[in-house]
Amino acid sequence: MMQQRDEVNQPLHVPAARARTLRERVGVYIQAGDSVEAISRIREAEQAGVRQAWMAMGGAGFADVLTVLAAAAVQTEEIMLGTAIVPAPTRHPLVMAQQALAMHDLAPGRLRLGIGPGNPLYLEGHYGLRQSAPLSYLKEYLEVLRGVLWEGRINYQGEFFQVTDTLPRTAPLPLVISALGLKAFRLAGEGADGALASLCPVPYLLEQALPALRAGAEERSRPSPPIIACLPVALSTNEEAVNSAVRRLIQQLAQAGAHARMFAQAGWATAVQGNEAALQALARELVISGDEVTVRDRLHELLAHGVDELQLLPIPIADEPMERRQLLRVIGSL
């Protein structure tokens, strides 16, 4: 297996969260029907003063996320662009490195490459790919990707990857991984530049996930990378409508094994089992909602009490365009 220099394992381009402004620590999750709309929404976010935009694979009507972000990069100036996430099994790490290198050429220092094992049911149903050890696979994938992008060369002989290659140049961009279970947070601490935590209750992140992440970092004698918490946000004072929308989202997520296990680990097993009162309580626990002042105050509170970064997932309630503009205004005013 490739021997890596000590500094290769150090987070790069991810400054200590508390050293940055609040606005730099908050991003918006972009959802669109196609690539043109996604680029328009990223431009709209930058114009509103938002400093981070994130997109999932398929977040622009099934279009490739890195291609969409590359197009957005040449139509924007400063906004950070992140993938949340690209499922690692769908492309070889050398292919991922080539795409990241192109993006880095177009927007140096602006890409945060988020990768993860992906949803096993989706990968098997749509790609015919079966996962036997998703975290072990992701660990090797991350090591290969870091060696190629940061070092410009790789000689890696592992269980899943046997790769030897040399690149003419490097692109030492931040590599972040998705994390729900405690083993994934520990893996992020060991070798990633951030942990993308999708719809995890904040107490779970602070009381269980953060110690696991720090333990992984300590084991490798490296600084702890940030936890980037993706939380739903609704610019609405209609509590019943907000809870109903978030409850439906939770029920969809709970059908996937990883989120179901995470919710149970966080103390919400009865919600996973379908208990209506527990589902409503979990919805209230997860969502940030209210008018602009209330939402802004909640963001300040979360960032002041242990959350490193926020990735805000807009939940439309009554008027999606207006609520989206309100959210961007709130983030831009931090």
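The values are calculated or read from the model by the stated rules, or taken from the named source; none is laboratory data. Bear in mind that the values here come from a model prediction, so they are computed numbers and not experimental data. Using ideal geometry, Cβ is built from the backbone for each residue, glycine included, and neighbour counts are taken over all protein chains shown. All accessible areas refer to the heavy atoms of the entire protein, side chains included, with ligands and DNA or RNA removed. Shrake-Rupley method; radii C 1.70, N 1.55, O 1.52, S 1.80 Å.
Condition first: of a type outside the set (Asp, Glu) and over 19 Å from residue 204 (Cα atoms). Can you find one or more residues in segment 276-286 that meet it?
Yes, segment 276-286 has at least one match.
Here residue 90 meets the list (1) in contact with a Pro (Cβ under 8 Å, 6 or more places away or on another chain); (2) at pLDDT below 95 almost entirely, failing just condition (1).
Confirm whether residue 245 is modelled with pLDDT of 95 or more and assigned to a helix (DSSP H, G or I). Yes.
The sole residue among 48, 72 that is at pLDDT 95 or above, crowded, with 22+ Cβ neighbours inside 10 Å and under 24 Å from residue 333 (Cβ atoms) is 72. The listed residues are 249, 313, and the only one of them that is hydrophobic (A, V, I, L, M, F, W, C), buried (at least 18 other Cβ atoms within 10 Å of the Cβ) and under 21 Å from the mean Cα position of the chain (by Cα) turns out to be 313.
With respect to (1) modelled with pLDDT under 95; (2) open to solvent by less than 10 Å² (accessible area, probe 1.4 Å); (3) of a type in the set (Ser, Thr, Tyr), the lone exception for residue 141 is condition (1). Of the candidates 310, 299, the single residue that is in contact (Cβ under 8 Å) with a residue 40 or more places away in the chain and not in a helix (DSSP H, G or I) is 310.
Pick out the one residue from 91, 112 that is crowded, with 16+ Cβ neighbours inside 10 Å, among the basic types (Lys, Arg) and within 23 Å of residue 26 (Cα to Cα).
Being crowded, with 16+ Cβ neighbours inside 10 Å, among the basic types (Lys, Arg) and within 23 Å of residue 26 (Cα to Cα) holds for just one of 91, 112, which is 112.
Residue-level check: of (1) surrounded by fewer than 16 Cβ atoms within 10 Å (Cβ to Cβ); (2) part of a loop (DSSP other than H, G, I, E, B); (3) in contact with a strand residue (DSSP E or B) (Cβ under 9 Å, 6 or more places away or on another chain), residue 122 misses just (2). Residues that are open to solvent by 20 Å² or more (accessible area, probe 1.4 Å) and assigned to a loop (DSSP other than H, G, I, E, B) occur in segment 224-233; there is at least one. If you check 269, 217 for being of a type in the set (A, V, I, L, M) and either open to solvent by 10 Å² or more (accessible area, probe 1.4 Å) or in contact with a strand residue (DSSP E or B) (Cβ under 7 Å, 6 or more places away or on another chain) (or both), only one passes: 269. Note on segment 160-212: residues that are open to solvent by less than 20 Å² (accessible area, probe 1.4 Å) and part of a strand (DSSP E or B) amount to 7. All of 285, 276 fail the test of being of a type in the set (Asp, Glu), touching a residue at least 60 places away in the same chain (Cβ under 8 Å), open to solvent by 30 Å² or more (accessible area, probe 1.4 Å) and over 21 Å from residue 136 (Cβ atoms), apart from 285.
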